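Colleague: Pasting a structure below so you can have a look.
The values are calculated or read from the model by the stated rules, or taken from the named source; none is laboratory data. A quick note: this is a predicted structure, and the numbers were derived from the prediction, not measured. Glycine gets a Cβ as well: all are built from the backbone with ideal geometry, and neighbour counts include every protein chain shown. Quick note on the areas: whole protein, heavy atoms, side chains included, nothing else; ligands and nucleic acids left out. Shrake-Rupley method; radii C 1.70, N 1.55, O 1.52, S 1.80 Å.
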Amino acid sequence: MKKIVLLVTIALTIISCNETPKAKDFKTAYVDTGKMMEEYTEAKELDEKYKTKGEVMGRELEVAAKNLKSEMEGFQRNAMAKGQAWAQQKGAELQQREQQLQYAQQGMLQQLQQESGKEMDTLVKSVKQLIKDYGKEKGYDYIYGTGDAATVLYAKDSYDITKDVVKMINDKYAAKPKTDKKEEKATEKK
């Protein structure tokens, strides 16, 4: 009997030592990732950079499209006067140029998407690391993300640290040496 009591006591001791902490022992919070990216200065600047770059590239294509359109209008006026052979040759040439213009537009969009995608991936990785560091510094066990890729179905508003994280990442971005920002702008002008 004493052996059984002793074994049960030892078993309970072992089990209690291996017991995981209860949920209320954890310090948790969440970040609204959609809101954070809307308010993050570097993300806004990145978005503006590619919006501007797209507009510049679009203007170049727009000029080429207008020139092609005016040539097509001239072609329609001259087709009867210059004969069928000329019309076929010129029509094929204009069609080919129109197709090249469409390819150029698709290429431009792909280029912008690839460039912005790479920079956005880098930005997201850096933000994740900053949040990880923030969590360690503030003693959080878990920080969840909400927004487009929601991983939290419900949380008390008091657990929302989005404002704190946005302030922290904006402060870190603002503290970057100005030469880094100037080099980024010089690179984007090229």
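Residues are listed down the side, and each one gets a yes or a no for (1) at pLDDT 90 or above; (2) touching a helix residue (DSSP H, G or I) at 6+ places or on another chain (Cβ under 9 Å); (3) part of a helix (DSSP H, G or I):
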{"position": "114", "(1), (2), (3)": "yes, no, yes"}
{"position": "120", "(1), (2), (3)": "yes, yes, yes"}
{"position": "130", "(1), (2), (3)": "yes, yes, yes"}
{"position": "172", "(1), (2), (3)": "yes, yes, yes"}
{"position": "179", "(1), (2), (3)": "no, no, yes"}
{"position": "182", "(1), (2), (3)": "no, no, yes"}
{"position": "187", "(1), (2), (3)": "no, no, yes"}
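Colleague: Of the residues in region 11-57, how many are open to solvent by 80 Å² or more (accessible area, probe 1.4 Å) and modelled with pLDDT under 85?
Modeller: Counting residues in region 11-57 that are open to solvent by 80 Å² or more (accessible area, probe 1.4 Å) and modelled with pLDDT under 85 gives 11.
Colleague: If residue 70 satisfies every condition in (1) surrounded by 13 or more Cβ atoms within 10 Å (Cβ to Cβ); (2) free of Cβ contacts under 8 Å to residues at least 60 places away in the same chain but one, which is the exception?
Modeller: (1)
Colleague: Check off (1) farther than 16 Å from residue 33 by Cβ; (2) at pLDDT below 85; (3) surrounded by 11 or more Cβ atoms within 10 Å (Cβ to Cβ) for residue 152 and give me the number that stays unchecked.
Modeller: (1)
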